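A short write-up of the structure that comes next.
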Amino acid sequence: MTGGTAPELYPLIMLLAVSAGFVLNRYYRSRIALDPQTRLWIGLAAFSGAMIGARLPFLVPGLPGFTGGESLLLSGKTILFGMVGGYLAVEVAKRHIRLKVKTGDSFAVPVAVSIGIGRLACFCGGCCYGTPTTVPWAVTFPSVDHLTRHPTQIYESLFHLTAAAMLAWMYQRKLQQGQLIKLYFLSYFMYRFLTEFIRPEPRITAGLTAYQWSALAFSLLFAALWWHDRAILRTS
């Protein structure tokens, strides 16, 4: 199997990913008692925060494990920081307009579906590939070398699409209400930490990559947010 041989499909698949996320987000947000203007404000905050967050670590000069351009448009990007950036931007926006309604659950499925589709674009474009391996499903990326590698883009696509299905099921049954986005994020941080061992990223400290250290830090942050919300529910 060969990957990275259809870079022309990258923008088309990314457009499909964004469109699917937009449609699903409209559906899930319509089930929250918010006026159209507030929904638009929250959606714009999520999108802007995700775009800025995804590129932010690459703009810090000399930050270990992240190399990119000198501008926001030319820098690299990472889904890990994009997810967190979108979440934090929404929380800031909600504080600004003094909105106390839980909105995270409405983003969980749309974000998971968008990323799941988007990773297929990475496979077609030949980026975000894994380390060399001899597993039967290994893939070659001619634009990189002729070694057979882990198709980490496919792994991640399957993770996010499976997560989307599980989150949709939980949403319909009103399980873990108000916590679905945190559950999804925490699951992804764990997944990303483990799969970094089969990605050719530079090891910066203690044999771990910058993404692994980031995943650990974000896990602590969202675990704290989880317990904070649970404490509020118990006392309300």
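The values are calculated or read from the model by the stated rules, or taken from the named source; none is laboratory data. No experiment lies behind these values; they were computed from the predicted model shown. Neighbour counts are summed over all protein chains in view; Cβ atoms, including those assigned to glycine, are modelled from backbone coordinates with ideal geometry. The area values use the complete protein model at the heavy-atom level, side chains included, leaving out ligands, DNA and RNA. Shrake-Rupley method; radii C 1.70, N 1.55, O 1.52, S 1.80 Å.
Taking the 1.4 Å solvent-accessible surface of segment 1-129 as the whole, the part contributed by carbon and sulfur is 69%.
Residues of segment 154-196 with an amide N closer than 17 Å to a point placed 7 Å from the Cα of Ala33 along the Cα-to-Cβ direction: 178. What is the local net charge at Ala121, summed over the other residues whose Cβ is closer than 13 Å to its Cβ (Lys, Arg +1; Asp, Glu -1)? For residues surrounding Ala121, the net value is 0. Using C-alpha pairs below 8 Å separated by at least 6 residues, the relative contact order for segment 1-90 is 29 percent.
For segment 141-222, the carbon plus sulfur part of the accessible surface works out to 70%, probe radius 1.4 Å. Principal-axis analysis of the Cα atoms of the chain puts helix 104-125 at an angle of about 10° to the longest axis. Shape annotation for segment 101-236: C-alpha extents along the principal axes are 59, 34, 21 Å, from largest to smallest. Relative to the longest principal axis of the Cα atoms of the chain, helix 180-195 runs at roughly 20 degrees. Measuring between alpha carbons in the structure, the pairs from Lys102/Lys182; Lys94/Lys174; Lys94/Lys182 lying more than 19 angstrom apart are Lys94/Lys174.
Over 31 Å apart: what share of the alpha carbon pairs of the chain falls there, rounded to a whole percent?
Pairs farther apart than 31 Å: 23 percent.
In the assembled protein chains, His96 presents an accessible area of approximately 140 Å² (probe radius 1.4 Å).
Using the Cβ-Cβ distance between Thr133 and Lys100 with R0 set to 30 Å, the FRET efficiency works out to roughly 0.05. Coupling constants for segment 77-83 follow from the phi torsions by the Karplus curve (6.51 cos²θ - 1.76 cosθ + 1.60, θ = phi - 60°), and in residue order they are 8, 9, 4, 3, 6, x, 4 Hz; glycine and proline get x. Over segment 181-236, accessible surface divided per residue gives 53 Å², non-protein components excluded, 1.4 Å probe. On a per residue basis, segment 90-164 carries 46 Å² of accessible surface, using protein heavy atoms and a 1.4 Å probe.
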